[in-house]
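Read-outs: derived from the displayed coordinates by stated rules, not from any lab. Values in this document were obtained by computation on a predicted structure and should not be read as measured data. FYI the Cβ positions are ideal-geometry reconstructions off the backbone, even for glycines, and counts take in every protein chain you see.
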Amino acid sequence: MKTGWFVAMGAAAAGAVAGLASSGVLHKAAVATTCAGMKVADAVTAETQAIVDDANDVAAEARRQAKIDAAVADRLAALEAEIRAEVTAKVDAEGAEA
């Protein structure tokens, strides 16, 4: 008895699908689903590109800041040597006078 029920349900489902297919409902549903999927794919692609662009901007700014920091460190090192020599001479001169 249960097998007959499943056969009847299967036949009804097959008939419904065949009816929907012949009326074009399945085709329209497939087109709508594909269109929605393409819109989602486009949105994901656009958002992914925005993230990549932001990451590239952050990386470029980090490289720029690293160059600035290195140049400042070089300049400070050069100034420190001059200042150290000047202060050393001054302290040595004061020590000789004391």
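Return the Rg/Rh value of segment 51-98, two decimal places, where both radii are evaluated on C-alpha atoms and Rh is the Kirkwood radius.
1.49
Where the only charges are on Cβ atoms (+1 Lys, Arg; -1 Asp, Glu), what is the dipole of segment 49-98 about its Cα centre, to the nearest 20 debye?
140 debye
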